[in-house]
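Here is the structure we will look at.
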Amino acid sequence: MSDETGPDEAGPDETGAYEPGRVPYAAELADRAAIAEIIALHCRGVDRADEETLKSCYWPDATTAYGEDDVPAHIFCAQLVPAIKAFRQTHHMVTNSICTFDRTQARVESYLVAFHYLASEDGEDSEMTYLGRYLDRFEKRGDVWKIKHREPVMSWSQNAATTHDSNHPALSALRRATRYPDDIVYK
């Protein structure tokens, strides 16, 4: 083991502890990048209502706990898509991710802000803003990291009346976000 490559798998130091601020090994940086990609892809999958992208973030035997009971993640992904389409748009942003590694397992805590724009036929549009965290258990199989279990934890949410002025001069020329497969990201 050299200082450049680190251990075969990213993990605790020789004492079994993590030292905050420790310079990570190259393998650990690669693992963190793979996990960050999955977290970002999950946000895309939700906001674009893209079932295949969502499922690609989870192992086939993964579970989620968005309610009282754990459910198979792939079933959850299929059910999430029509629920998300009830909103005109959603926008999920993940910040502050903290990873703790133990060989081929990782515990990841990520802070989440999610906006949900609900258009109303009577013109009384509203926005639900959700603030919380994702508590994920990731698993590495071969060279691939995916979510093995996800549980969101809510800090708070707020609902407010909102408006959307798509004709505002500063915004009118911008392309509009859409759902899968019509969004520009799929072109």
Exercise for the section: Neighbouring Cβ atoms within 10 Å as the yardstick, rank V113, V23, V108 fewest first. Expected result: V23, V113, V108
Fill in the blank from the handout: Sorted by chain and number, the residues with a modelled amide H under 5 Å from that of H149, at a separation of 5 or more or across chains, are T63, R137
Problem - Extension gain, S155 back to M93 (0.36 nm per residue minus Cα-Cα distance, nm) - result: 20.8 nm
Problem - At 0.692 mPa s and 37 °C, Stokes diffusion of the stretch 26-186 via Kirkwood alpha-carbon radius, µm² per second - result: 194
Handout entry: Sequence-separation-based contact order of the stretch 26-186, relative, with Cα cut under 8 Å and 6+ spacing, percent
Key = 21
Practice task
Please list, or write none, the lysines whose alpha carbon is within less than 19 Å of the alpha carbon of K55, excluding same-chain residues fewer than 8 places away.
Solution key: K85, K140, K146, K148
Exercise for the section: Relative to the longest principal axis of the C-alpha atoms of the chain, give the angle of the C-alpha long axis of helix 26-47, reported between 0 and 90° and rounded to the nearest 10°. Expected result: 20
Practice task
Please build a GNM for the chain, connecting alpha carbons under 10 Å apart, and tell me which residue among K55, K146, K85 fluctuates the most.
Solution key: K85
Completion exercise
Candidate cut points under GluC sites (Glu not before Pro) in the stretch 55-150, DSSP loop plus at most 16 other Cβ atoms within 10 Å of their own Cβ, are E68, E121, E124
Handout entry: Most mobile listed residue (H74, H149, H168) in the chain, GNM with C-alpha springs under 10 Å
Key = H168
Completion exercise
In debye to the nearest 20, the charge dipole size for the stretch 26-186, taken about the Cα centre with +1 at each Lys and Arg Cβ and -1 at each Asp and Glu Cβ, equals 480
Practice task
Could you bin all the Cα-Cα distances of the stretch 57-132 into 10 Å bins starting at 0 and give me the percent of pairs in each, rounded to whole numbers?
Solution key: 15, 35, 36, 11, 3, 0
Handout entry: Net length gained if the chain between A83 and L29 were fully extended (0.36 nm per residue, minus Cα distance)
Key = 15.9 nm
Handout entry: On Cα atoms only, tilt of 73-84 relative to the major axis of the chain in degrees
Key = 20
Completion exercise
With Cα springs under 10 Å, the Gaussian network model of the chain assigns the largest mean-square fluctuation among Y111, Y134, Y25 to Y25
Exercise for the section: Calculate the radius of gyration of the Cα atoms of the stretch 132-187 to one decimal place, then report Dmax, the largest Cα-Cα distance, as a whole number, both in Å. Expected result: 18.7, 51
Completion exercise
Here the stretch 171-187 yields Karplus 3J(HN,Hα) values (6.51, -1.76, 1.60; θ = phi - 60°; whole Hz; Gly and Pro given as x) of 10, 4, 8, 6, 5, 9, 5, 9, 9, 4, x, 8, 5, 4, 5, 8, 8
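Every number in this text was worked out from the coordinates using simple rules, so none of it is lab data. Note that the coordinates shown come from a computational prediction; the quantities given were computed from them, not determined experimentally. Glycine also receives a Cβ, built like all others from the backbone with ideal geometry; neighbour counts cover every protein chain displayed.
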